[in-house]
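First up is the structure itself, then whatever we jot down about it.
Every read-out reported here was derived from the displayed coordinates using simple, explicitly stated rules and does not represent laboratory data. Please read these numbers as outputs of a predicted model, since none were measured by experiment. Here the Cβ is made from the backbone with ideal geometry for all residues, glycine too, and neighbour counts use every protein chain on show.
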Amino acid sequence: MSPWALLRDAARRSYALRGVTVRVLVLAVALSVVTVPVVSWLARVSAAAAGVQALTHQNVVHVLTTPGSVVLLVVLAVVVGVVVLVQHGAFVAVAWRADQGGPVTLRGVLHDLGRAARGLRSPQLALFLVYAVVLVPIGGLGTAALLVRGVAIPDFVIAELLKFRGGLLVYVVFLAAVLWTNLRLVLTTTFLVEDRGTVAAAMRASWRATRGATLRMLVLLVPVGLAALVVAGAAAALVLVPTRVVDAHAPGAAAVVAGVGLAAVQVLAVVLAGAVAATVAHVLVAVARERRPGRTRLDGAATPTLVPSSVGAGEVTPGPVRAVLIAGAVLGALALVATNTLAVSSVTEHLPGVVAHRGHPAAAVENSIPSLEAAAALGVDYVELDVLQAADGGLVVFHDTTLRRLAGSGRAVADLTLDELTATTIRQGGREATIPSLRDFVRRAKELDQPLLVELKLHGRETASYVPDVVALLREEGVADEYLVQAIYPELADAVSAAAPEVEVGYVVPLVRGVREVPDVDFLAVEQSSLGPRTRAVARAAGVDLLVWTVNDAAGLRAVLRAGDVDAVITGEPETAVRVRGEVEAETGVAPRLEHRVRETFRW
């Protein structure tokens, strides 16, 4: 069958089975609603069992060696694994039953999933989680379960990689490898549901079945995703029109109109996700049958045809139950509209500040004095810089532990004196500068009246005078109570607090889950993918400021600035950030806030 014929058949089947598909979609959404708080609670309890405030990059080894925490994390893994299997596998089970000519009922689908779940026994569960929770979402082929949509490589990892020579090539090759692997393993869940074997066996079957067919799989799956993007884009554009009109002519009613529009978009997003999942499932089942020609249908038919009488057989909803469901849907819709109306009505009183990450790297070499000057000229609130200790105890403003990336030398910072480092020419983006000492950097910042966010780095060979020397310098320059100091190493930040109580100190947090409480610091600088509602709420309750890093794209910056739920945003694109902040400050009416919410809705 040609790809287009197969796609048409999959779309027709998906539509014909819309009744049971809606039931499956409702189940998937309900599972997400229930599972997210359960997983969050399990993460917090596992952190408590290990005696830590949260699960972070610093304590992962300790948590994984605490028996109670391990048991709870295994339970968490089982919950996530089963839910992900159900959310994606349910659509596959519907498609498989239709392809087999048997009755397509929710009860039958759940029976199939129950038998398939037996294949998740350890260590198969770990294999499935790596595949379904990491590889599939990153691959972006539209087969990810609702629970894990949004899983992605953190932006800061990509940004740092691209700064290195050859980094772009490495990134492209990595993405190509992930895509190719996804295409080869795309039938894993299909065979897991059909064959009811182990995850490893399903992976092997998928690998064999897709040999020589990766291009065909791409041709089959990409149009489904593109169609969804077109529908989402059209809906996003259309839903803004009524609110913009009402903003102009009846601003008092704009929030309600926006609330209704946002509710419609949210429902559409869920329906669209279900339609994509259902269509992709029918495609995968058809390909599985096509690539394993020895398999026959249960009714012995040579060509798969949908049996209308078998769809939902025995699943007629009683009148009273139907009435309750309709009433629940109406009440849910009203609650959604009310919640959305309040959300788009809220106005951010204080926009987050802008912190220029390593100055303005687009205008000058990062962490150099010209970069500081360029950032200060933009009017940013703070300029962030990195500090390392030289071999003779001097303090320099530099990020990497070696000179390779910016100076083309493999020599380590720890092996060079302050004079040697400050005489070193560094290059980036066709521009040149020299490595500045911390004192020179601070003095120039004072001349510019530019506050600094000082991040202390470690290369592993620091002397005991490192923190005292930094504190002494800040005090000598009269800025100890004006600048902020942060570190990814809690003990380093704590040492600054102990030595200089007047300095505002914070932790840099690249990864955090299961937050129970926040540390006793002035602020937390949290990587954007780890900054969830729980972290925000706990930090706010404790009076701890929040900085989010590193947000570089205009859309992301606009979202953070509009939300206004952090105190500052750290960005490597300060010029863009300052421009976007000005645009957000100038926004009037409800439509801009609705646009932000619509974009967030369609991020899946």
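To the nearest 0.05, what FRET efficiency results for R461 and H57 with a Förster distance of 25 Å applied to their C-beta separation?
E between R461 and H57, to the nearest 0.05, is 0.70.
Apply the a/c threshold of 1.5 to the C-alpha gyration tensor of the range 324-440 and tell me whether it is rounded, prolate or oblate.
Note, shape of the range 324-440 comes out prolate.
Once you put a point 7 Å from the Cα of A16 and another 7 Å from the Cα of A30, both along the Cβ direction, what distance in nm separates them?
2.7
Figure the gain on full extension for R204 and T65 (residue separation times 0.36 nm, minus the Cα-Cα span) and round it to one decimal in nm. Mind dumping the intermediate values first?
Details: separation 139, 0.36 × 139 = 50.04 nm, distance 3.26 nm.
Gain on stretching R204 to T65: 46.8 nm.
Once you put a point 7 Å from the Cα of T339 and another 7 Å from the Cα of V170, both along the Cβ direction, what distance in nm separates them?
Once both label points are built, they end up 4.2 nm from each other.
For T425 and I153, compute 0.36 nm times the residue count separating them, minus their Cα-Cα distance, and round to one decimal in nm.
Numbers: separation 272, 0.36 × 272 = 97.92 nm, distance 3.27 nm.
Result for the pair: 94.6 nm of gain on full extension.
To make sure I understand, if each residue's beta carbon is the centre and we count other beta carbons within 10 Å, what order do Y382, Y171 fall in, fewest to most?
Y171, Y382
Defining a contact as two alpha carbons under 8 Å apart and six or more residues distant in sequence, what relative contact order in percent does the range 353-601 show?
On the way: 487 pairs, mean separation 44.8, N = 249.
Once normalised by length, the contact order is 18 percent.
Please work out the Cα center distance from the range 503-524 to the range 46-72, rounded to the nearest Å.
Taking the Cα centre of the range 46-72 as reference, the centre of the range 503-524 is 17 Å away.
Residue separation times 0.36 nm, minus the C-alpha to C-alpha distance between A5 and H350: what's the value? It would help to have the intermediate numbers written out before the result.
Working: separation 345, 0.36 × 345 = 124.20 nm, distance 5.49 nm.
Result for the pair: 118.7 nm of gain on full extension.
What shape does the range 36-173 take by its C-alpha gyration tensor, where a ≥ b ≥ c are the square roots of the eigenvalues and a/c under 1.5 counts as rounded, a/b above b/c as prolate, and the rest as oblate?
On the way: a/c = 2.77, a/b = 1.28, b/c = 2.16.
In terms of gyration-tensor shape, oblate.
Please report Rg (one decimal) and Dmax (integer) in Å for the Cα set of the chain.
Over the chain's Cα set, Rg and Dmax evaluate to 27.6, 87 Å.
Do you know the relative contact order of the chain, to the nearest whole percent, from alpha carbon pairs under 8 angstrom that are 6+ apart? Spell out each step's value before the answer.
Numbers: 975 pairs, mean separation 97.2, N = 604.
It comes to 16 percent, rounded to a whole number.
Kindly state, to the nearest 0.05, the FRET efficiency for V74 paired with V219, given R0 = 45 Å and r defined as their beta-carbon distance. Don't skip to the end; give the middle numbers.
Working: r = 40 Å, r/R0 = 0.89.
Between V74 and V219 the formula returns 0.65.
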